[in-house]
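Undergrad: One structure coming up, written as structure tokens, with questions to follow.
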Amino acid sequence: MKKDSVDRARELEVFAAIVEAAGVSAGGRTVGLSPSGASRTLQRLESRLGVRLLVRASRAFRLTEEGESYYRSGRRILNDLDEVEQTLGDQAAPRGRLRVSSSIAFGRVAILPALGAFQHAYPGISMELSLTDHIADLSAGEADLAVRVGDLPDSDLKARKLGESPRILVASPEYLARSGAPITPEDLTRHNCLRFSFRPLPATWPFRRGDEHFDIEIVGNIAVDNGDAIMQLALAGHGIARVGHFHVQRELEAGRLVPLLEDFDTGETESFHAVFVGGRTIPGRVRAFVDFFAGRVGRP
């Protein structure tokens, strides 16, 4: 590689560090340069490009329009370089930091119990796991990989199916002893049905009677924003819940929850996908996660 190519890559690295640290001195330190060395690199870069990239004053630090454009393009180049180097290193063994965002339910049921085995199989991978029903913005760099439940919207993201699980209605024996068990879907209008707060009202649940598919509008006095909370409320006897079978399998086996209205089941399932940013190369640590956890919940 020519020396000027090496210098340009170093200038880009220093400039990105300055922007991300919001200061020349602080940015220089992150890449091993003194404040004067970082300042000289910035001046050399601006001189070579013939534009001003930063406005610096005693109480002001901001990018010019040219600086914004150069930073966005340069950050993509640096990210691509990191990915290529990581992938080459992964040919021997996957390694590096892997940031995973998962729904609370999938994380509790599938990831956490297998985390020790995953770390044993891939000791070079350091995982940062975020369990939340918030949908991480992968394009903005909030995570390297996310586990999404349900239908996937159209996007440029890559996806691989990890499994699927039927959705079922459940309630605790205590709730049923107190309120009675529904015999038909229409009976649900007289029951307290637990629902998700992020879904629009009126809330409905689907059913099938023979060849007829229909929805029943449910009512209830509690709405929450994640599946684990729904399950806990059902276990505590607060009402009837509609959840993924994988989510409550242990509770069903132990008799802590009881399935309801199985004769009216539509056969609907929910799918789990690992979603990640696509490219010419996929980091080995992402491939390792997908390969390891595929099929650990329901049918792959």
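No lab work stands behind these numbers, since they all come straight from the coordinates. Just so it is clear, the structure is predicted and the values come from calculations on it, not from any experiment. Positions of Cβ are generated from backbone atoms using ideal geometry, with glycine treated the same way; all protein chains shown enter the neighbour counts.
Undergrad: Length gain on complete extension for the stretch Arg44 to Ala294, per 0.36 nm per residue less the alpha carbon to alpha carbon distance?
TA: Gain on extension, Arg44 to Ala294, equals 85.0 nm.
Undergrad: Can I ask one more? Name the residue from Phe293, Ser139, Thr30 whose Cα lies farthest towards the positive end of the charge dipole of the chain, charges +1 on Cβ of Lys and Arg and -1 on Cβ of Asp and Glu.
TA: Thr30
Undergrad: Taking R0 as 35 Å, what's the FRET efficiency between Ala177 and Ser197 from their Cβ-Cβ distance, rounded to 0.05?
TA: Step by step, r from the Cβ atoms, then E = 0.80.
Undergrad: Oh, and also: Which far-off residues, 5 or more places away or on another chain, put their amide H under 5 Å from the one on Ile218, with H placed in the peptide plane?
TA: Placed amide hydrogens put Ala203, Thr204, Trp205 under 5 Å from Ile218.
Undergrad: Can I get the semi-axes of the chain's equivalent ellipsoid? Compute them from the C-alpha gyration tensor as square roots of 5 times the eigenvalues, in angstrom, largest first.
TA: Calculated on Cα positions only, the semi-axes equal 52, 22, 16 Å.
Undergrad: So, one more: For helix 3-21, report the angle its Cα long axis makes with the longest principal axis of the Cα atoms of the chain; keep it between 0 and 90° and round to the nearest 10°.
TA: Value to nearest ten degrees: 50.
Undergrad: Here's something else I'd like to know. Measuring from a point 7 Å past the Cα of His134 along Cα-to-C-beta, which residues in region 227-249 have an amide N at less than 18 Å?
TA: Residues passing the 18 Å test: 227-229.
Undergrad: Right, next: Counting alpha carbon pairs within less than 8 Å and at least 6 residues apart, what relative contact order, in whole percent, applies to the chain?
TA: Relative CO of the chain lands at 22 percent.
Undergrad: Please work out the C-alpha center-to-center distance from region 223-300 to region 190-204 and express it in whole Å.
TA: Measuring centre to centre over Cα atoms gives 19 Å.
Undergrad: I would also like to ask the following. Give the order of Met231, Met127 when sorted by the count of other beta carbons within 10 angstrom, beginning with the fewest.
TA: Least to most surrounded, the residues fall as Met127, Met231.
Undergrad: Another question about this same structure. Taking the number of other C-beta atoms within 10 Å as the exposure measure, put Ile183, Ile18, Ile125 in order starting with the fewest.
TA: Lowest to highest Cβ neighbour count: Ile183, Ile125, Ile18.
Undergrad: To the nearest 500 deg cm²/dmol, what mean residue ellipticity at 222 nm is calculated for the chain from DSSP H runs of n ≥ 4 alone, each contributing -39,500 (n - 2.57), summed and divided by the residues?
TA: -12000 deg cm²/dmol
Undergrad: Taking amide H positions as placed 1.01 Å from N in the peptide plane, with prolines and chain starts having none, which residues 5 or more places from Asp133, or on another chain, fall under 5 Å of its amide H?
TA: Those lying under 5 Å, H to H, from Asp133 are Ile104.
Undergrad: A further question on this structure: Going by C-beta contacts inside 10 Å, put Ser139, Ser102 in order with the fewest on the left.
TA: By the 10 Å Cβ count, ascending: Ser139, Ser102.
Undergrad: PRE reach from Asp7 (point 7 Å along Cα→Cβ): which of region 21-51 fall under 18 Å by backbone N?
TA: Label zone hits: 37-51.
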